[in-house]
Amino acid sequence: MKKAAEYSTRKQLVTMLKKQGSLSVNEMAKQLGITEMAVRRHLNTLERDALLESVLVRQAMGRPVRMYSLTGLADELFPKNYHVLTLDLLKELEEAVDEDPVGNLFERRKDRLLRKYKARMEGKNLKQRVVEMTEIQNEQGYMAAWEIHEDGGFVIREFNCPISQVAQQYGQACRCELDLIRTLLEAEVKRKECLVNGGNKCMYLVSNKI
């Protein structure tokens, strides 16, 4: 209960600073109805996590007052419905023209990523390309891991899908993702499980092309 209460107070502090800009310890204590010592304890935790910064502000009379405000990092604590905007824009684009603009967008994205990562695959054997592909996906937030499969090929597992919100409505996203992996690995790649389709992960079986 104590931890829950502390989290709740900290959340109130962060929300207050988000709405009001910068505040002093005294101002925060009055608004929350707690002691300044309690406020400072929460501020120390937020500063430790790089979510808070402070400056000394001179007053017309009396001693300077330390004012606290949120850092840019704290912005990630607040809701961000980026996928909603993305889906809205894709829907508008889809309805604006007769062709397949969404599919073309994903194809262009795939081509751009191919150009970006192709050099990282040059001169590598299949195992090395699988390792590099896993690293590339991790850089993009896929939480990927690889291992040798019992048939002598390889398995790549991805436990997070950064594009899942979009891919649920636009299958082109998953198809282009698979094409990207196949092209970069220069191998036969089969998707055996997919997060978007209800799986616990995305899983790819990789083998040399025949």
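No lab work stands behind these numbers, since they all come straight from the coordinates. Because the structure is predicted, anything quoted here is derived from the model rather than measured. Glycine also receives a Cβ, built like all others from the backbone with ideal geometry; neighbour counts cover every protein chain displayed.
Below is a table of values for the structure above.
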read-out: Förster radius 45 Å - calculated FRET efficiency between PHE159 and LEU56, Cβ distance, rounded to 0.05; value: 0.50
read-out: Distance-filtered residues of the stretch 133-177 - backbone nitrogen under 14 Å, label point 7 angstrom along LEU73 Cα→Cβ; value: none
read-out: Lys/Arg +1, Asp/Glu -1 at C-beta; the chain dipole; positive extreme among LEU77, TYR204, LEU23; value: LEU23
read-out: Per DSSP, loop chymotrypsin sites (Phe, Trp or Tyr not before Pro) in the stretch 145-204 with at most 15 further Cβ within 10 Å; value: PHE159
read-out: Residue-averaged [θ]222 nm for the chain, counting only DSSP H segments that reach four residues, each worth -39500 (n - 2.57); value: -16500 deg cm²/dmol
read-out: Candidates GLU36, GLU147, GLU193, ranked by Gaussian network fluctuation over the chain, Cα under 10 Å, top entry; value: GLU36
read-out: Segment MET16-LYS124, length gained on full extension (0.36 nm per residue, minus Cα span); value: 33.6 nm
read-out: Simple Cβ-charge dipole of the stretch 2-77, Lys/Arg +1 and Asp/Glu -1, about Cα centre, in debye nearest 20; value: 260
read-out: Most mobile of LEU90, LEU52, LEU185 in a GNM of the chain (Cα contacts under 10 Å); value: LEU52
read-out: Overall Cα dimensions of the chain - principal axes, largest extent first, Å; value: 81, 46, 36
read-out: Gaussian network model of the chain, springs between alpha carbon atoms under 10 Å - residue of ARG182, ARG48, ARG129 with greatest fluctuation; value: ARG48
read-out: The stretch 82-207 shape via C-alpha gyration tensor axes, a/c threshold 1.5; value: prolate
read-out: Neighbour-count order for ASP100, ASP151, fewest beta carbons within 10 angstrom listed first; value: ASP151, ASP100
read-out: Separation in nanometres of the label points that stand 7 Å from Cα toward Cβ, at GLU150 and ARG112; value: 4.2
read-out: 11 Å beta-carbon shell around GLY153, net charge (K/R +1, D/E -1); value: -2
read-out: Global geometry of the stretch 12-91, whether rounded, prolate or oblate, following the gyration tensor of its Cα atoms and the 1.5 cut on a/c; value: prolate
read-out: Computed lengthening from ARG41 to GLN169, 0.36 nm per intervening residue step minus Cα-Cα distance; value: 41.6 nm
read-out: Amide H contacts of THR71 (H built 1.01 Å from N, under 5 Å, at least 5 apart or other chain); value: LEU52, GLU53
